[in-house]
Amino acid sequence: RRIRIRVGQPRGDAAAIARQALQAGMSVHLADPSKAGLVAALEAIAAAQEAEVKAGRMTPEARDADWARLMPLVGQERLPEAEVVITTRPDLMLPAPRVVLALGVEPPKGAVALALVQQAEPLAEMVLEGASTPARAAQAVAFGRRLGWSVVPVGPGGPVAVALATALAETVGFLEGRGVPRATIAQALALAGIA
């Protein structure tokens, strides 16, 4: 599968996803509107790969094979040709990076949004918009699984992580309003495994 990744802010998120895709054997076109931004993303990928080689977790041959499948692009004119386009979305108020995955189209029209929740095993919450088709959703799930993500579809209300964080904050506020000390609440949450 060929994917194209448009670099956004923070660029490290796009570079990390590009590196994951390369490790999964995909061909990646990495695009940024500016040459400086593209160079920064490529340097981030190179530094991470060199660290992997030095640690013995990656062979120099595997690194070279990844670079052979990586094509840098300045601009985004060729992005609509791709099977998958990924754009980082820093403008969304989420506690984790958000990725919009659009198959064959310029995001966000028809996009399938994946909100990444970093855990021991990466979890991606898939938010389907009105223009998203079942075929694109299936491709998004397959893409995420190939990168080792667990993909969970969520409803139109938005990412579950945000809803849960909001509910937790409201609950803590309610308990404090009833006179329960914050330290007691924190201790109870810690016993339940909630930071």
Item to check | Test for ALA65: is it modelled with pLDDT of 70 or more and closer than 30 Å to THR166 by Cα | outcome: no
Checklist outcome for this item: Exception for ARG78 within (1) surrounded by 13 or more Cβ atoms within 10 Å (Cβ to Cβ); (2) within 15 Å of HIS29 (Cβ to Cβ); (3) at pLDDT below 80 falls at (1)
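Looking at the stretch 82-101 only, could you name the residues that are surrounded by fewer than 16 Cβ atoms within 10 Å (Cβ to Cβ) and modelled with pLDDT under 65? Break it down stepwise before answering.
Keep residues of the stretch 82-101 that are surrounded by fewer than 16 Cβ atoms within 10 Å (Cβ to Cβ), which gives 83, 90-93, 95.
Answer for the stretch 82-101, where residues must be surrounded by fewer than 16 Cβ atoms within 10 Å (Cβ to Cβ) and modelled with pLDDT under 65: PRO90, ASP91, LEU92, MET93, PRO95.
The values are calculated or read from the model by the stated rules, or taken from the named source; none is laboratory data. Because the structure is a prediction, the values reported are computed rather than measured. Cβ coordinates were reconstructed from backbone atoms using ideal geometry, including for glycine residues, and neighbour counts include every protein chain displayed.
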